[in-house]
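J.: I am attaching a structure below and will ask some questions about it afterwards.
The values are calculated or read from the model by the stated rules, or taken from the named source; none is laboratory data. Just so you know, these numbers come straight off a predicted model, no measurement behind them. Backbone-built Cβ (ideal geometry, glycine too); neighbour counts: all protein chains shown. Side chains included, ligands, DNA and RNA excluded: accessible areas come from the protein's heavy atoms. Shrake-Rupley method; radii C 1.70, N 1.55, O 1.52, S 1.80 Å.
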Amino acid sequence: DIDLVSVVTPEAHHLAPVLAAVGQGKHIFLEKPIATRVEDAGKIMEAAEKAAVFLMVGHILRFENNYGTVKRKIEEGKLGDIVSIHARRNRPRKLYKIYSREHAIIENSIHDIDICLWYTQARVENVRAFTRNIQGGAHPDINWCFLEFKGGAVACLETHWLIPDVGGINTDDSMQIIGTKGVADLHFILAGLNFWTEEGVEAANVTYDAWFNNQIWGAAKEEVSYIVDCVRKGEAPTMIKPVEALDALKVALACISSAQTGRDVKISG
């Protein structure tokens, strides 16, 4: 009697549980990224298509009010053609110990990569990335990615794990989208809700997952509700398609390769 399975295993271990669930004819809600290897992503997509089940990858920003509103403005032509994007997604040092199980470009920057692809509706042709490892962990904790899109748009993506823990900032996120007719500017660091306690200061970001009344609210709720409604109605999800999640993964992996080799990496169409 189970219709939908949510896969939230570590990023490198998505394939096996997806194949097991798809083998039982279950629809899949898969946490981002779709996989950490293009080969695994291909197997996941092929299995879901063959079994005729829904597959949605959880790129949560597409369900967040601010990012969604920018998308609507772009579709309405308010910003004109997108020519430049600058995104920041930084986290405190304490989270590095948890999330450095994967490269931060796959863990964090892939959020902004997906949004850039969503906003521009253009593929990335060339990337150049730079990374630094300050804390000496398994993966770099400073990451800068530069993307060149077909059509001429460019993007700069920053993510690091170096915010002091005592600073009370858990999410230092922002994005500026520059078009030929206007600019959209998103800032989440200037939190509207702050707590001053004996443990220190906490700037609360409740746009993604606010908890109260024993329920979760915000983008996480909208994301899960969306795929559940799709399953109930028997309608394939369109907010984020598997091929779009694969495109984001390809760009992230190209950025990692660029940083490791010290040169530009071109992405074939």
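Residue-by-condition table, conditions (1) touching an Asp or Glu at 6+ places or on another chain (Cβ under 7 Å); (2) of a type in the set (Phe, Trp, Tyr); (3) closer than 22 Å to residue 81 by Cα:
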position: 141; (1), (2), (3): no, no, no
position: 148; (1), (2), (3): yes, no, yes
position: 152; (1), (2), (3): no, no, yes
position: 155; (1), (2), (3): no, no, yes
position: 161; (1), (2), (3): yes, yes, no
position: 164; (1), (2), (3): no, no, no
position: 167; (1), (2), (3): no, no, no
position: 171; (1), (2), (3): no, no, no
position: 199; (1), (2), (3): no, no, no
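J.: Sticking with this structure for a sec: Check the range 54-71 and report whether any residue there is under 25 Å from residue 203 (Cβ atoms), of a type in the set (Ser, Thr, Tyr) and open to solvent by 10 Å² or more (accessible area, probe 1.4 Å).
T.: Within the range 54-71 (the criterion being under 25 Å from residue 203 (Cβ atoms), of a type in the set (Ser, Thr, Tyr) and open to solvent by 10 Å² or more (accessible area, probe 1.4 Å)), the answer is yes, since at least one residue qualifies.
J.: What's the number of the condition residue 258 fails, among (1) among the small types (Gly, Ala, Ser); (2) open to solvent by 30 Å² or more (accessible area, probe 1.4 Å); (3) closer than 25 Å to residue 105 by Cα?
T.: Result: residue 258 fails condition (2) only.
J.: Of the residues in the range 10-44, how many are within 23 Å of residue 250 (Cα to Cα) and open to solvent by 50 Å² or more (accessible area, probe 1.4 Å)?
T.: Selection size over the range 10-44: 9.
J.: Moving on. Pairs under 8 Å by beta carbon, first residue touching a residue at least 24 places away in the same chain (Cβ under 8 Å) and part of a helix (DSSP H, G or I) in the range 41-52, partner open to solvent by 40 Å² or more (accessible area, probe 1.4 Å) and not acidic (Asp, Glu), six or more apart or different chains?
T.: Every condition considered, the pairs that remain are 43/19; 44/19; 45/243; 47/19; 47/23; 51/23; 51/25.
J.: Moving on. What number of residues in the range 111-125 are in contact with an Asp or Glu (Cβ under 8 Å, 6 or more places away or on another chain) and over 15 Å from residue 34 (Cα atoms)?
T.: Final tally of qualifying residues: 5.
J.: Also, I was wondering about something else. Does the range 89-100 include one or more residues that are within 17 Å of residue 144 (Cα to Cα) and in a helix (DSSP H, G or I)?
T.: Looking through the range 89-100, at least one residue is within 17 Å of residue 144 (Cα to Cα) and in a helix (DSSP H, G or I).
J.: Conditions first: (1) surrounded by 14 or more Cβ atoms within 10 Å (Cβ to Cβ); (2) among the β-branched types (Val, Ile, Thr); (3) in contact with a Gly (Cβ under 9 Å, 6 or more places away or on another chain). Residue 251 passes all but one, so which condition is the exception?
T.: Exception for residue 251: condition (3).
J.: Name every residue in the range 122-149 that is open to solvent by 60 Å² or more (accessible area, probe 1.4 Å) and either touching a residue at least 40 places away in the same chain (Cβ under 8 Å) or under 17 Å from the mean Cα position of the chain (by Cα) (or both), in order of residue number.
T.: 123, 125, 130, 135, 144, 146
J.: Now a separate question. Looking at the range 111-121, which of its residues are in contact (Cβ under 8 Å) with a residue 12 or more places away in the chain and either part of a loop (DSSP other than H, G, I, E, B) or open to solvent by 20 Å² or more (accessible area, probe 1.4 Å) (or both)?
T.: Listed by number, the residues that qualify are 111, 117, 118, 120.
J.: Please go through the range 204-222 and give me each residue that is open to solvent by 70 Å² or more (accessible area, probe 1.4 Å) and outside any helix (DSSP H, G or I), ordered by number.
T.: 206, 209, 211, 212, 213, 214, 215, 217
J.: Pairs under 9 Å by beta carbon, first residue within 10 Å of residue 183 (Cβ to Cβ) and modelled with pLDDT of 95 or more in the range 71-91, partner open to solvent by 40 Å² or more (accessible area, probe 1.4 Å) and of a type in the set (A, V, I, L, M), six or more apart or different chains?
T.: As it stands, the answer is 79/178; 79/183; 84/154; 84/178, since those pairs meet every condition given.
J.: Does residue 225 satisfy the condition of being among the polar types (S, T, N, Q), at pLDDT 90 or above and either in a helix (DSSP H, G or I) or loosely packed, with under 13 Cβ neighbours inside 10 Å (or both)?
T.: yes
J.: Tell me, which strands (runs of 3 or more DSSP E) wholly within the range 152-203 include 1 or more residues that are open to solvent by 20 Å² or more (accessible area, probe 1.4 Å) and within 27 Å of residue 252 (Cβ to Cβ)?
T.: 154-160, 172-179, 183-187
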